[in-house]
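Engineer: Structure incoming, see below.
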Amino acid sequence: MTRFTFDLNATDGKARTGVIHTPRGDIRTPAFMPVGTAATVKAMMPESVAATGADILLGNTYHLMLRPTAERIDRLGGLHKFMNWDKPILTDSGGFQVMSLAGLRKLTEKGVTFKSHIDGSKHELTPERSMEIQRLLGSDIVMCFDECPALPADKARIAESMRLSMRWAARSKDAFGDRPGHALFGIMQGGLEPDLREESAEALKKIGFDGYAVGGLAVGEGQEAMFDCLDFAPDYLPTDRPRYLMGVGKPDDIVGAVKRGIDMMDCVLPSRSGRTGQVFTRHGVVNIKNARHADDPRPLDEACTCPACSNYSRAYLHHVFRSNEMISGMLLTWHNLQYFQDIMQGMRDAIAAGAFATWEADFHAGRAQGDIDPL
């Protein structure tokens with residue numbers, strides 16, 4: 001069986017491009033992972049997601065453990081068969097969603113007990129249970145269980161949380177065991193503090209993982225603070241393993257993260273924005289519900305090859321959105337996902353050619369000169 005490996009093919013400054021090899025296929029990096037929270041990327045067929053250039057999807061442990069349950073998915077042949085996606089799948093650990101439940105959860109050294117947001121039923125999620133769920137799902141890339149405190153928070157709280165996450169990381173590694181062809185990623189925590197980030201990275205490297213995530217960002221700190229952290233945090237991680245920034249983000253967030261050494265990202269933004277009429281283009285953001293588009297015969301983005309841009313005008317897309325037609329969310333989501341994947345391909349090509357700085361300047365210049373709708 002093909003083992004999980006990572007080839008780093010080129011660097012340009014801190015920006016990197018390479019390939020993650022898995023038994024279910026290669027993942028070109030830098031990679032953007034569309035989010036299929038409940039075993040579906042909303043408003044998209046799996047083959048449509050693949051057509052945008054996506055090599056991997058993200059599934060959500062918390063949501064799938066509650067409905068339809070990991071045990072049911074296992075009985076039905078695993079998550080890949082269940083959702084008709086034969087390429088790699090990364091599943092998060094469920095930690096972020098559980099931590100977001102606030103008053104509905106109780107945190108201990110063992111793990112977290114919480115009440116379901118669906119029916120109020122009580123559940124327990126520990127490092128061991130998270131590994132079991134992700135094994136039942138058949139995830140290709142498994143995330144260790146961690147705690148992710150919201151920012152801002154005082155340093156003592158962040159340090160306590162980070163050290164708990166490191167203890168949970170060791171338990172996750174033990175529970176994961178030896179699974180050839182599957183990978184386990186550790187998650188660095190430490191807020192915006194360089195010394196805590198370094199301490200976390202050293203703990204993770206001592207345990208040993210197939211890849212490493214930068215967690216605890218995009219949780220309220222703002223882009224400037226996030227970039228300040230990314231200026232140093234990825235440097236603490238091994239260069240021969242993939243680096244994954246969790247839950248990011250907007251197009252300029254993604255470009256800035258790759259510039260600082262990140263290889264993988266995920267976010268619900270392309271699909272969520274598509275359903276609410278917000279469209280990302282090379283010239284900036286378009287809010288398709290605005291009346292200014294009602295008589296506009298142009299495509300959303302003249303350089304885009306997605307069905308929304310190839311076959312329909314802004315006027316039509318405005319009409320179906322305002323009419324609450326299902327095709328609106330389908331077309332706008334497809335476009336957004338295509339645009340995000342086009343960004344990734346553009347960066348991969350630029351890094352390989354040693355021209356990332358030029359590509360980045362063109363990317364920002366194109367968005368700056370466009371007509372951007374108010375949100």
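Engineer: Does the range 232-239 contain any residue that is closer than 15 Å to ILE262 by Cα, among the small types (Gly, Ala, Ser) and open to solvent by less than 20 Å² (accessible area, probe 1.4 Å)?
Structural biologist: Yes, that holds for at least one residue.
Engineer: I want to confirm something. Restricting to the range 77-92 and keeping residues that are part of a loop (DSSP other than H, G, I, E, B) and in contact (Cβ under 8 Å) with a residue 40 or more places away in the chain, which single residue is surrounded by the fewest Cβ atoms within 10 Å (Cβ to Cβ)?
Structural biologist: Across the range 77-92, the extreme among qualifying residues is ASP86.
Engineer: Taking GLU224 as meeting all but one of (1) out of contact with any Asp or Glu (no Cβ under 9 Å at 6 or more places or on another chain); (2) open to solvent by 30 Å² or more (accessible area, probe 1.4 Å); (3) under 14 Å from ALA201 (Cα atoms); (4) not β-branched (Val, Ile, Thr), write down the number of the exception.
Structural biologist: Failed condition: (3).
Engineer: List every residue pair whose Cβ atoms lie under 8 Å apart, where the two residues are 6 or more positions apart in sequence or sit on different chains, the first residue falls within the range 11-24 and is closer than 12 Å to PRO234 by Cβ, and the second residue, located anywhere, is in a strand (DSSP E or B) and open to solvent by 40 Å² or more (accessible area, probe 1.4 Å).
Structural biologist: Once the first residue is closer than 12 Å to PRO234 by Cβ and sits in the range 11-24, its partners that are in a strand (DSSP E or B) and open to solvent by 40 Å² or more (accessible area, probe 1.4 Å) give ARG16/LEU8.
Engineer: Right, next: Read through the list (1) among the small types (Gly, Ala, Ser); (2) surrounded by fewer than 19 Cβ atoms within 10 Å (Cβ to Cβ); (3) under 30 Å from LYS205 (Cα atoms), then give the number of the only condition that GLY284 fails.
Structural biologist: Result: GLY284 passes all but (3).
Engineer: Sticking with this one: Looking only at residues in the range 34-76 that are charged (D, E, K, R) and in a loop (DSSP other than H, G, I, E, B), which one is least open to solvent (accessible area, probe 1.4 Å)?
Structural biologist: Ranking the qualifying residues of the range 34-76, first place goes to ASP55.
Engineer: Kindly indicate which of THR305, THR358 is open to solvent by 40 Å² or more (accessible area, probe 1.4 Å), closer than 27 Å to VAL214 by Cα and touching a helix residue (DSSP H, G or I) at 6+ places or on another chain (Cβ under 8 Å).
Structural biologist: THR358
Engineer: Within the range 217-264, can you find the residues that are under 24 Å from ALA153 (Cα atoms), aliphatic (A, V, I, L, M) and in contact with a helix residue (DSSP H, G or I) (Cβ under 7 Å, 6 or more places away or on another chain)?
Structural biologist: LEU217, ALA218, LEU230, ALA233, LEU237, LEU245, VAL248, ALA257, listed by residue number.
Engineer: State which residue pairs qualify: first residue on the phi > 0 side of the Ramachandran plot and inside the range 310-335, second residue among the basic types (Lys, Arg) in any location, beta carbons under 8 Å apart, and separation of 6 or more residues or different chains.
Structural biologist: Here the result reads none, with nothing in the range 310-335 linked to a residue that is among the basic types (Lys, Arg).
Engineer: When you look at LEU107, is it crowded, with 24+ Cβ neighbours inside 10 Å and either in contact with a Gly (Cβ under 6 Å, 6 or more places away or on another chain) or touching a residue at least 24 places away in the same chain (Cβ under 8 Å) (or both), yes or no?
Structural biologist: Here the answer is no, as LEU107 does not meet what is asked.
Engineer: With respect to the numbered conditions (1) of a type in the set (Asp, Glu); (2) open to solvent by 60 Å² or more (accessible area, probe 1.4 Å); (3) in contact (Cβ under 8 Å) with a residue 12 or more places away in the chain, which one is the sole condition not fulfilled by ASP373?
Structural biologist: If we test ASP373 against (1) of a type in the set (Asp, Glu); (2) open to solvent by 60 Å² or more (accessible area, probe 1.4 Å); (3) in contact (Cβ under 8 Å) with a residue 12 or more places away in the chain, just (2) comes out false.
The values are calculated or read from the model by the stated rules, or taken from the named source; none is laboratory data. Nothing here was measured: the structure is a model prediction, and the numbers come from that model. In this analysis, Cβ positions are derived from the backbone assuming ideal geometry, glycine residues included, and neighbour counts consider all displayed protein chains. When the accessible area is computed, the model is the full protein with side chains, heavy atoms only, and any ligands, DNA or RNA have been set aside. Shrake-Rupley method; radii C 1.70, N 1.55, O 1.52, S 1.80 Å.
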